[in-house]
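This report refers to the structure that appears directly beneath it.
The values are calculated or read from the model by the stated rules, or taken from the named source; none is laboratory data. Given the structure is predicted, the values throughout are model-derived calculations rather than measurements. Glycine also receives a Cβ, built like all others from the backbone with ideal geometry; neighbour counts cover every protein chain displayed.
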Amino acid sequence: MISHRPTVPPQTPGSFAEQAAPASFPSLRMRRLRTSPTMRRMVQETRLSPDDLILPLFVDHHAGGEASIQSMPGVMRLSVERAVEEAASAAALGIPAVLLFGLPESKDAAGSGAYDSDGIVQRAARAIKAACPELVLITDVCLCEYTSHGHCGVLRDSGVDNDRTLELLAATAVSQAEAGADVVAPSDMMDGRVGAIRRALDAAGYQDRSILAYSAKFASGFYGPFREAAESAPQFGDRRTYQMDPPNAREALREIALDVQEGADMVMVKPALAYLDLVARARAAFDLPLAAYNVSGEFAMVKAAAANGWIDEKRVVAEILTGIKRAGADLIITYHAKDAAAWLREGSF
Ligand code: PBG
């Protein structure tokens, strides 16, 4: 047997790898993998798909057809009929799920419109489920759109009463499940809500419905346009005694861990962009599906800058949504969902 033994100097452990690897410039050139669109496509690490997107919809008892929202160009408050059309067009674009928010007929101190079996979200849920049975129907569970004071729970001594609110949130989730919701998504940030909702759903026979918990939801200025859309701004004070304090990352991981313990099927970080570190940390720490909410203020900034011609909307939306996915989110709730799905379809992202 002829052996061709290369004449190499004696190896010390590790040095062969050093020698074999083109360690640095000029033998190493990162630009080689960027030379053509096809090459870039081949080495692309993160690929956005309509499957990643969830479209929020605002259903308004008082909207005849649709009403525009000044701070959210292109987003409408919809009648039940128009909401069904929007849900169908999202489904046709390959978007797997919509998330329903409701503006009730009237508001009161106990937010009773939220758990009314004939409430606006319940009616919309029934209509959407009948028209698009294949679509995953997610409903927001919170009282702030339904309370006259605009807080996410009921009040006692001018504060939000956590434990009394749990009963109402659980009743809301059950009435939404009854109306056809596949997934209920509590966004109130009361302690113990995920467990309370899970127990109530199971007791009512809805063991098959999932909970997407807004686990790490921060008290954020980025919700401003949503509050115009949902007419849900608190009439006094703010949400800082229940939503999280923006500087706290370890606490966010504790919140997520608690929701997992209480039975959440999916967890969420919200808002997305100023909290991408938490999306990445949550991805590393938990194996559940992880959602991130690209919230109304994030959407409004893109729309305003694009309307002024200061940014290219399509490019910026592609970067934002890809960035959220690259950080580790499996699901992105975004008002850009329909545009993004259409751009993805035509391959122009
Ligand atoms: C309800 C709720 C809010 C959002 C989602 N669910 C508003 C808030 O907490 O004040 C915000 C969504 C957005 O800004 O797009 N609690």
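Taking the conditions (1) away from the ligand (no atom under 16 Å from the Cβ); (2) of a type outside the set (D, E, K, R); (3) surrounded by 15 or more Cβ atoms within 10 Å (Cβ to Cβ); (4) without any contact (Cβ under 8 Å) to a residue 24 or more places away in the chain in turn, residue 263 satisfies each one other than (4). Residue-level analysis places residue 258 outside the set of residues that are assigned to a helix (DSSP H, G or I), more than 9 Å from the ligand (Cβ to nearest atom) and surrounded by 18 or more Cβ atoms within 10 Å (Cβ to Cβ). Residues considered: 233, 229, 181, 185. Of these, the only one that is touching an Asp or Glu at 6+ places or on another chain (Cβ under 6 Å) and closer than 25 Å to residue 54 by Cα is 185.
Looking at the stretch 232-248, can you tell me whether even one residue there is under 17 Å from the mean Cα position of the chain (by Cα) and aromatic (Phe, Trp, Tyr)? Looking through the stretch 232-248, none of the residues is under 17 Å from the mean Cα position of the chain (by Cα) and aromatic (Phe, Trp, Tyr). Regarding the stretch 34-41, can at least one residue be identified that is within 30 Å of residue 292 (Cα to Cα) and either within 28 Å of the chain's Cα centre (by Cα) or part of a loop (DSSP other than H, G, I, E, B) (or both)? The answer is yes; a qualifying residue exists. Give the residues of the stretch 7-43 that are at pLDDT 60 or above, surrounded by 10 or more Cβ atoms within 10 Å (Cβ to Cβ), of a type in the set (A, V, I, L, M) and more than 29 Å from residue 342 (Cβ to Cβ), sorted by residue number. If the condition is that a residue be at pLDDT 60 or above, surrounded by 10 or more Cβ atoms within 10 Å (Cβ to Cβ), of a type in the set (A, V, I, L, M) and more than 29 Å from residue 342 (Cβ to Cβ), then 21, 23, 28, 33 are the ones that fit.
Here residue 46 meets each of (1) touching a Ser or Thr at 6+ places or on another chain (Cβ under 7 Å); (2) of a type in the set (Val, Ile, Thr); (3) more than 19 Å from residue 340 (Cβ to Cβ); (4) more than 14 Å from the ligand (Cβ to nearest atom) with one exception, condition (3). At least 2 residues being closer than 30 Å to residue 133 by Cα and more than 9 Å from the ligand (Cβ to nearest atom) is the threshold, and among the helices (runs of 4 or more DSSP H) wholly inside the stretch 150-249 those reaching it are 162-178, 193-203. Note on the stretch 270-300: residues that are over 20 Å from residue 182 (Cα atoms) and either more than 13 Å from the ligand (Cβ to nearest atom) or assigned to a helix (DSSP H, G or I) (or both) amount to 20.
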